[in-house]
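Everything on this sheet refers to the single structure shown next.
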Amino acid sequence: MRRDTSASSPPTWRELPLLIELNEQQRQRLDKAQALREQGIDPYPPHSHRTHTAEEALARFTEIESTLETEHDPETITVAGRVTAIRDMGKSVFAHIRDGSGAIQIYLRRNVVGEDALAHFKRFIDLGDFIEADGNLFRTRTGEVTVEVKAFRLLAKAINPPPEKWHGLQDVETRYRQRYADLMANEVTRRIFVIRANAIRAIRRFLDERGFLEVETPVLQPLYGGAAARPFTTHYHALDQTFYLRIADELYLKRLLVGGYERVYEISKDFRNEGIDARHSPEFTMLEFYMAYADYHDVMELVEEMLVYVAEQALGTTKLTYAGHEIDLTPPWPRVSLRQALLDATGIDYREVTDQRELYERAKALGADVEPTTVWPRIIDELMKTFVRPNLIQPTFLVDYPVELSPLAKRSPNDPNIAERFQPFIAGMEVGNAFTELNDPMDQLDRFLAQARDRAAGDLEAMPIDDDYINALMYGMPPTGGFGLGIDRLIMLLTDQQNIREVILFPHLRSKPTPILAGLPTPDTPTGDDA
RNA sequence: GGGCCCGUAGCUCAGCGGUAGAGCAGCGGACUUUUAAUCCGUGGGUCCUGGGUUCGAAUCCCAGCGGGCUCACCA
C-alpha cells in the first residue's frame, strides 16, 4: 500500500510497513494514540508549558511551606516528565513523573481534576508516557510533596512499555544496544555519565586556568603515529589516498609547540584497531597535554594536582573505592623506578641482564608468559605487567623506562639507555603515559628507523616514519613535558566500574537487525550508488 | 582466535526428557492520601536459529547466530 506522504495527518501504524509482529502492549498503545487523534488530541504535541522542574517544585514547597495559610500552595505550577509509576485508587490516582532533575508525585482526585479528566487519564495514560500537569503543591499524609492536579496533557505517547520497575533493565546486551532504555530504567547508569561529564569539564577548567590552549588536530591522518597500535584504514575519495583514523594526537600537538604555543591540550577520540575487552575499546577518549619548558618531573606534579582536582569536582572527595580497594589520591604519590620495582618484585636487575636469552630464561623461570623469540624490551614489559602492575593499588608513578619501549621520549642524561618516561597506576590500572619529549631531530629519526626495522621484522604495531615530524623538529622544539590520559579508564576509577563499556554511552557491538527495521533497507543494503 | 557460561512472555527470572510457569507490566473489576499500593478475575510464547537423538525435546547431542566472563594481543 502506498501512501501520500504529503497528507496532512500522520499515518496510522497499520498503514506503515512494519514487518515485525508488534506485541499486545505495543498495539494497545498505538491504538490509544490513534483514538486520541480521532478525538482531535495530538499524542505528540509540539509545545509544553512547564513552569517548574521536579527539583524546583520540591524546593519551592519546602521553602514556602511554613508561611502557607492553607494546606496547598495557592500558586498553580506546571510540571512535566515521564510517567514512571501509576497507583490507581478508584476515584483518585497517584502517579510519579520524572524529568531531568528528578521525580515528583502527582495526585489526581475526581472532585478536583474532574470526572472526565480522571477517566481520560486512566484510559489513555500509560507508564512511560510524557505528560505535563498543572496543579498546586501540597504535602500528603505520608509526607511527600505532591502536585494536586487540576489539568494534564499528554506530551508524548510511549509505544514501548518501560523495563521492569523494580529490577530495571538487567540484560547487558540490551543495556548496550538500547542505552536509552538502560538510562531510562537505571539510575546507576544515569549517574555514571553525569560524573563523566563533570570530570571532563573539570579537566578542561584545570588546564584552561593554567594557560593551556585547547586545540583540535586531525582525526583523519595520512600517516598515523604517536603510539604502538594498528590503525583503522579508510579511503579518502576527494584526495584518492589512503587515510588512517588517528591512534594518538601526540605528533600533531608537538608540531604546535614547534609553532610557538607553549601549552596545548586536546580531548578527543582515538581509534586502535585491536581487541575489545574490559579495559580496551577500539574507539576511546584521550586527553593529551604538552607544556614547554617542563620535564617529566613537572608533569608528575601537575598530574597529581589535576587528578585530585578532578575527583573533588566530580565526586566531592579524593578517596575512592575501586573493586573493593580503598584508594586515596592525596599527593605526593610514590615515584618508583621501573628498574627498582622489577628488582623488588622479581629479583632481576635488568641493567645487569642485558642478554636477551638470559632475561628470557629468568623470566620464564618466574612463570612469565614469554617466548624464546620475545625481544628484550617486551620481556621487561611483560615482567612489569605480571609482577609489578597488579600490586600498584594506591596511586604510584612508575618512572624511567628502557629507551627501546619509548621511541618518542628523551634519554636520561644519566643513562642513555633510560628514557625519561612515567606511567601513573591506580588500582592496578595504567591510566596514562608521559615523558620528557624527545626534541633532538636526529635522535628521533634514529628511533623511527629502529621502529621501521621492527616493522620490517613483522611488528605491525611499530610506528611508521613520519618525516614531516622530523622536519618540524628540525625547526626546533623547546624542552617539553607531555602527558596522555585514558579518559575512559579514569571514569572507570571514579565510578567503580570494572568494564570500559559501562562508561561509554554507545559501545560497539556486532550489528544485529533491530526489530523495527527487520527487512527494511539499511546502510548495508546495495543502492547502486557505491555498490 | 582459545576455554567456560548464558539466550524461555514487553521486563526480571524459574523450569532442565512427559500438557510452557511466577512476579512486574497489560486487560477487566473494587477502592478519594498511595508510594514495590492492596484485593478479585484474566489475556499474552518461533522456549535464539537450523539439524539430530527419542514414542515424546525448552530440557539431551551437533552446527550456527548473539552476548558475558576469561586467556592470548594491547593502552
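The values are calculated or read from the model by the stated rules, or taken from the named source; none is laboratory data. Quick caveat: nothing in here was measured; it's all calculated off a predicted structure. Cβ atoms come from the backbone with ideal geometry, glycine included; neighbour counts cover every protein chain shown.
In the condition set (1) within 30 Å of A:Gln394 (Cβ to Cβ); (2) surrounded by fewer than 21 Cβ atoms within 10 Å (Cβ to Cβ); (3) within 26 Å of the chain's Cα centre (by Cα), A:Asp298 is compliant with all but (3). Candidates in region A:104-117 are the residues that are surrounded by 22 or more Cβ atoms within 10 Å (Cβ to Cβ) and in contact with a Leu (Cβ under 7 Å, 6 or more places away or on another chain); of these, the one that is farthest from A:Val83 (Cα to Cα) is A:Leu108. Can A:Ala238 be described as hydrophobic (A, V, I, L, M, F, W, C), within 17 Å of the chain's Cα centre (by Cα), at pLDDT 95 or above and more than 24 Å from A:Ile470 (Cα to Cα)? Against the criterion (hydrophobic (A, V, I, L, M, F, W, C), within 17 Å of the chain's Cα centre (by Cα), at pLDDT 95 or above and more than 24 Å from A:Ile470 (Cα to Cα)), A:Ala238 does not qualify. If you filter region A:57-73 down to residues that are within 16 Å of RNA strand B (Cβ to nearest atom) and surrounded by 13 or more Cβ atoms within 10 Å (Cβ to Cβ), you find that the one that is farthest from A:His96 (Cα to Cα) is A:Leu68. Condition check for A:Asn499 on (1) in contact with a strand residue (DSSP E or B) (Cβ under 8 Å, 6 or more places away or on another chain); (2) closer than 30 Å to A:Asp328 by Cβ; (3) in contact (Cβ under 8 Å) with a residue 60 or more places away in the chain: one failure, at (1).
Based on this model, can you work out whether A:Ile516 counts as among the β-branched types (Val, Ile, Thr), in a loop (DSSP other than H, G, I, E, B), loosely packed, with under 15 Cβ neighbours inside 10 Å and modelled with pLDDT under 95? Criteria met by A:Ile516.
With a requirement of 1 or more residues that are more than 9 Å from RNA strand B (Cβ to nearest atom) and among the basic types (Lys, Arg), the strands (runs of 3 or more DSSP E) lying completely within region A:91-191 that satisfy it span A:92-99, A:145-156.
Residue-by-condition table, conditions (1) in contact with a Gly (Cβ under 7 Å, 6 or more places away or on another chain); (2) over 30 Å from A:Val308 (Cβ atoms):
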| position | (1), (2) |
| --- | --- |
| A:Lys364 | no, yes |
| A:Asp369 | no, yes |
| A:Val375 | no, yes |
| A:Leu383 | no, yes |
| A:Leu392 | yes, no |
| A:Thr396 | no, no |
| A:Asp400 | no, no |
| A:Ser406 | no, no |
| A:Asp415 | no, yes |
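Residues being more than 10 Å from RNA strand B (Cβ to nearest atom), more than 30 Å from A:Asp249 (Cα to Cα) and surrounded by fewer than 18 Cβ atoms within 10 Å (Cβ to Cβ) are entirely absent from region A:194-206.
In region A:415-442, what residues are modelled with pLDDT of 95 or more and not in a strand (DSSP E or B)? Within region A:415-442, A:Leu438, A:Asn439, A:Asp440, A:Pro441, A:Met442 meet the criteria. Among the residues of region A:25-63, those that are closer than 19 Å to A:Leu137 by Cβ, among the small types (Gly, Ala, Ser) and out of contact with any Asp or Glu (no Cβ under 6 Å at 6 or more places or on another chain) comprise A:Ala57, A:Ala59.
Taking (1) touching a Phe, Trp or Tyr at 6+ places or on another chain (Cβ under 7 Å); (2) farther than 27 Å from A:Gly211 by Cβ; (3) not charged (D, E, K, R) in turn, A:Gly347 satisfies each apart from (1). A single member of A:Asp277, A:Asp249 is among the acidic types (Asp, Glu), surrounded by 19 or more Cβ atoms within 10 Å (Cβ to Cβ) and closer than 20 Å to A:Ile500 by Cβ, and it is A:Asp249.
Quick grid of which residues meet (1) within 16 Å of RNA strand B (Cβ to nearest atom); (2) not in a loop (DSSP other than H, G, I, E, B):
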residue	(1), (2)
A:Thr234	no, yes
A:Thr242	no, yes
A:Ala248	yes, no
A:Asn273	yes, no
A:Leu287	yes, yes
A:Leu302	no, yes
A:Met306	no, yes
A:Glu312	no, yes
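Within region A:74-90, the residues that satisfy the criterion of being surrounded by 13 or more Cβ atoms within 10 Å (Cβ to Cβ) and either within 13 Å of RNA strand B (Cβ to nearest atom) or without any contact (Cβ under 8 Å) to a residue 40 or more places away in the chain (or both) are A:Val83, A:Thr84, A:Ala85, A:Ile86, A:Asp88. Residues in region A:26-50 that are more than 13 Å from RNA strand B (Cβ to nearest atom), under 36 Å from the mean Cα position of the chain (by Cα) and surrounded by 15 or more Cβ atoms within 10 Å (Cβ to Cβ): A:Pro43, A:Arg50. Counting residues in region A:196-218 that are under 27 Å from A:Gly275 (Cβ atoms), in contact with a Ser or Thr (Cβ under 7 Å, 6 or more places away or on another chain) and in contact (Cβ under 8 Å) with a residue 24 or more places away in the chain gives zero. For a quick check of your reading of the model, give me the residue pairs whose first member lies in region A:163-178 and is under 14 Å from A:Arg501 (Cβ atoms), whose second is surrounded by fewer than 17 Cβ atoms within 10 Å (Cβ to Cβ) and aliphatic (A, V, I, L, M), with beta-carbon atoms closer than 8 Å and at least 6 apart or on different chains. These pairs meet every condition: A:Glu173/A:Leu509; A:Tyr176/A:Leu509; A:Arg177/A:Leu509.
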